[in-house]
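Single-structure report; data block below.
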Amino acid sequence: MAYEELIASMEKDADRRIQEVRRQTQTTIDEERENVRRHADELQRRIISEGEARIEVERHQRLYRAREEVKARLARLRGEYEQRVIESAKERLADGRGDEGYSRVLERLVNEALASLGEPGGRVHVDPRDERMAREILARSGTAVELIADLSTMGGAVVMSSDDRIRIDNTFEARLVRAAEVHRRAFTRRLFGEE
């Protein structure tokens, strides 16, 4: 009986050891699963975070490109509208020579240029269509300048000093260019409601 008790005791002890090894193995497996799960969660968070960062960068790049495209289109549109305004003004000015007020405008432009010259003498260049009017204007002003009808212009005059150092361009075309430069912001504000 002692032998049977010894075997039973050894079997019990072996069962306890098996149970203990199983518990330790299960604990190790559970711990390893938990480590793997935490590592997988961390990896997933990192991948999601990197993906979100890439998406954010891509979003910013697309927004930047879209804004730049809109700015370029708007600049082209502004340029087109400014050009239309200038062309419209040119058309109106080209038709102005036939108006009864044109002689007053020409007189003001010639006298303004002569006053800006600031010295006696000089030459006044006009379009041949304006030669008669310009002679009358110069006769009324009593200014001793040479009149040369050699311009091709919508209207106005160019006044030169006698030594050609000073040139004052008071033609409609030159005035329109200067007005466009000066009033560009006003065009933009009126056309687009902004500066």
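Considering only the range 79-90, I want to know if a residue exists there that is modelled with pLDDT under 80 and more than 30 Å from H125 (Cα to Cα).
yes
Please specify each residue of the range 145-163 satisfying the condition of being aliphatic (A, V, I, L, M) and farther than 12 Å from R123 by Cα.
L151, M154
Listed here are the residues, each with its yes/no results for (1) assigned by TED's automatic domain parsing to the domain that holds S161; (2) surrounded by 13 or more Cβ atoms within 10 Å (Cβ to Cβ).
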position: E31; (1), (2): no, no
position: I47; (1), (2): no, no
position: R59; (1), (2): no, no
position: R62; (1), (2): no, no
position: E68; (1), (2): no, no
position: E82; (1), (2): no, yes
position: V105; (1), (2): yes, yes
position: G118; (1), (2): yes, no
position: R135; (1), (2): yes, yes
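Condition (residue is free of Cβ contacts under 8 Å to residues at least 40 places away in the same chain, surrounded by 10 or more Cβ atoms within 10 Å (Cβ to Cβ), within 30 Å of R184 (Cβ to Cβ) and over 23 Å from the mean Cα position of the chain (by Cα)) applied to the range 139-149: is it met by at least one residue?
Looking through the range 139-149, none of the residues is free of Cβ contacts under 8 Å to residues at least 40 places away in the same chain, surrounded by 10 or more Cβ atoms within 10 Å (Cβ to Cβ), within 30 Å of R184 (Cβ to Cβ) and over 23 Å from the mean Cα position of the chain (by Cα).
Being more than 30 Å from R184 (Cβ to Cβ) and either among the aromatic types (F, W, Y) or within 27 Å of the chain's Cα centre (by Cα) (or both) is the filter here; which residues of the range 38-79 pass it?
I55, E56, V57, E58, R59, H60, Q61, R62
From the list R178, R189, R184, R167, which one is at pLDDT 90 or above and more than 20 Å from G101 (Cα to Cα)?
After applying the criteria, what remains is R167.
Yes or no: the range 151-172 includes at least one residue that is crowded, with 16+ Cβ neighbours inside 10 Å and part of a helix (DSSP H, G or I).
yes
Yes/no matrix, rows are residues, columns are (1) within 13 Å of E107 (Cα to Cα); (2) touching a helix residue (DSSP H, G or I) at 6+ places or on another chain (Cβ under 9 Å); (3) assigned by TED's automatic domain parsing to the domain that holds Q83:
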position	(1), (2), (3)
E131	yes, no, no
A139	yes, no, no
A149	no, yes, no
S152	no, yes, no
S162	no, no, no
R167	no, no, no
A174	no, no, no
V177	no, yes, no
V182	no, no, no
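The values are calculated or read from the model by the stated rules, or taken from the named source; none is laboratory data. This structure is a prediction, so every number in the text was calculated from the model and none was measured. Cβ sites come from the backbone with ideal geometry, for glycine too, and all protein chains shown count toward neighbours.
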